[in-house]
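Only one structure is covered here, and it is reproduced in the block below.
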Amino acid sequence: MSRMKRRHTMPPFWLPKITRTMYPENITPENQAFVSEVIANQYSSPLKSDPWERGQWTEKVRRCGVIARKIGIYPMWKKDGTRLLTTLLQVSDNHVIKYIPPEEMATSYFNKRTGNVAGLVVGADSIDPREATKEFQSLFVESGVLPKRKVSKFVISPSAKLAPGTPLYASHFRPGDYVDILGITIDRGFQGVMKRWGFKGLPASHGVTKAHRAGGNIGGGGEKGRVWPGTKMPGHMGRNRRILRGVKIWRINTRHNVIWVSGPAVPGSVGSYVNIYDCSLPTRKINAENHPPFPTFFQDEEDIEEELYDADLHVFSDKSVTFAEK
C-alpha cells in the first residue's frame, strides 16, 4: 500500500452543495395514483431487449460480480463437529445497468495491464424515481430498471457480457466456491497509536508522567532529523477500501438471496455494501471442468433448490443420530 494518504474524509471545496430538499408537495390521492401508475408502466419490463448470445467458458475468463449487503454474523458447524463463524451477505435486487464494450474501455488502465477487457455496470436496491435527480435517472434509461441506491462497475471479459436489465441472484455463485470481497472498513475517526497500530504504550509505573498511551520516540536525530514518510503516528483510522481474498462460500439461500461466507472479518459495518468477485488467488483457481454458471445463473429459466449447502457443512434438518433396532 502506498505511503501517501489517498482517503479524503471531507468533500473538496469545489464540490457544489446539494440545495434540493424534500418537502411535502400536497399531491392529491388521485394524482398520487396516477404517478404510481406511470412509474409502474415505465419500469414494468426489466429486460427491454432480447437476451444476448451467451459466451463459452474459457480458462482465463472474467465473470461479473454482484453487490451485497452485510447483514450479520452467524455460527455454523461442520460434519466433524468443528464450529465456525460465517458472515451473511444478501444480494439485494441486483440488475445489470450498462455494458461498456472494449472500445470504450481502451483508455482505462485495466486494458493497459490485462489486455482486452470490457465493463459491466451493476446496481442494487431500487429507489423511487422521484427521490433521484434527472441526471442520475439518465443512467437507467437504457436498461429500463428503477434507479438504484448503489452502483458499481465490474471488469469482465467480452464473452461474459450481459444485456442491460438482466437480474443477478445469489445463485451466481455455488457453495464450495472461493470469492474475493471488497468493502469499506468501519470509520473509527481520529485514534491514537495504541488503537490504530497496536502499540503497548509506556510503563504505568513511577516516573512516567502523563505519557502512558503516547507513541514515544520516533527516531529524529542526526541524519534522520525529520519525520520519515510512513511513520506510525496518531491519525484517522478506518474508511479504507479493503479486499478479503480466498473466502469460502458455505451456504446459499436462493429464495432470499443470502450467502454465508467463512469468517467474521468481512470489511464494513452491518448494513454496508460489499462487492463479491470470483477468487483471484492462484491456489484457488476454478476448475475448468466444474466451473460456475457462465455468464451467470438465469434463475428465471431454470429450477433450483431453495437451500444449497457445502458438502462438509452439517445440515440440522438431516438425521445425525440413528438408533439400532433390537
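Counting only residues that are at pLDDT below 80 and among the aliphatic types (A, V, I, L, M), which one in segment 40-74 is nearest to VAL179 (Cα to Cα)?
Here the residue is LEU47.
In this structure, does PRO203 turn out to be in a loop (DSSP other than H, G, I, E, B) and either hydrophobic (A, V, I, L, M, F, W, C) or under 30 Å from the mean Cα position of the chain (by Cα) (or both)?
no
Is one or more of the residues making up segment 101-119 modelled with pLDDT of 85 or more, part of a strand (DSSP E or B), touching a Ser or Thr at 6+ places or on another chain (Cβ under 9 Å) and not aliphatic (A, V, I, L, M)?
Yes: one or more hits.
Go through segment 51-84 and give me each residue that's assigned to a loop (DSSP other than H, G, I, E, B), farther than 26 Å from THR296 by Cβ and not small (Gly, Ala, Ser).
LYS79, ASP80, THR82
When residues of segment 250-266 are filtered for being in a strand (DSSP E or B) and either without any contact (Cβ under 8 Å) to a residue 12 or more places away in the chain or exposed (fewer than 13 other Cβ atoms within 10 Å of the Cβ) (or both), how many remain?
Result for segment 250-266: 0.
Tell me, which residue of segment 230-244 that is touching a residue at least 60 places away in the same chain (Cβ under 8 Å) and not polar (S, T, N, Q) is surrounded by the most Cβ atoms within 10 Å (Cβ to Cβ)?
LEU244
In segment 122-163, which residues are touching a residue at least 60 places away in the same chain (Cβ under 8 Å), part of a strand (DSSP E or B) and of a type outside the set (S, T, N, Q)?
Result: ALA124, LYS150, PHE154, VAL155, ILE156.
Listed residues GLU302, GLU223, GLU325, GLU289; which is acidic (Asp, Glu) and within 30 Å of VAL151 (Cα to Cα)?
GLU302
Give the residue, chosen from VAL247, VAL270, that is touching an Asp or Glu at 6+ places or on another chain (Cβ under 9 Å) and either surrounded by 12 or more Cβ atoms within 10 Å (Cβ to Cβ) or among the basic types (Lys, Arg) (or both).
From the options VAL247, VAL270, the qualifying one is VAL247.
Could you figure out which of (1) β-branched (Val, Ile, Thr); (2) within 26 Å of ALA163 (Cα to Cα); (3) modelled with pLDDT of 90 or more isn't true of ILE286?
(3) is the only condition that ILE286 fails.
Limited to segment 164-178, what total is found for residues that are assigned to a strand (DSSP E or B) and either without any contact (Cβ under 8 Å) to a residue 12 or more places away in the chain or among the hydrophobic types (A, V, I, L, M, F, W, C) (or both)?
Number satisfying all stated conditions: 1.
Which residue, of ILE186, ILE218, ILE181, is closer than 30 Å to ASN253 by Cα, part of a loop (DSSP other than H, G, I, E, B) and not small (Gly, Ala, Ser)?
ILE186
Is there a residue being of a type in the set (S, T, N, Q), surrounded by fewer than 16 Cβ atoms within 10 Å (Cβ to Cβ), at pLDDT 90 or above and out of contact with any helix residue (DSSP H, G or I) (no Cβ under 6 Å at 6 or more places or on another chain) anywhere in segment 167-175?
No: zero hits.
Any residue at all in segment 283-294 that is surrounded by 15 or more Cβ atoms within 10 Å (Cβ to Cβ), closer than 25 Å to ASP125 by Cβ and touching a strand residue (DSSP E or B) at 6+ places or on another chain (Cβ under 8 Å)?
yes
The values are calculated or read from the model by the stated rules, or taken from the named source; none is laboratory data. Predicted, not measured: the structure shown is a model, and the values here were computed from it. Methodologically, a virtual Cβ is constructed for each residue, glycine included, from the backbone with ideal geometry; neighbour enumeration extends over all protein chains shown.
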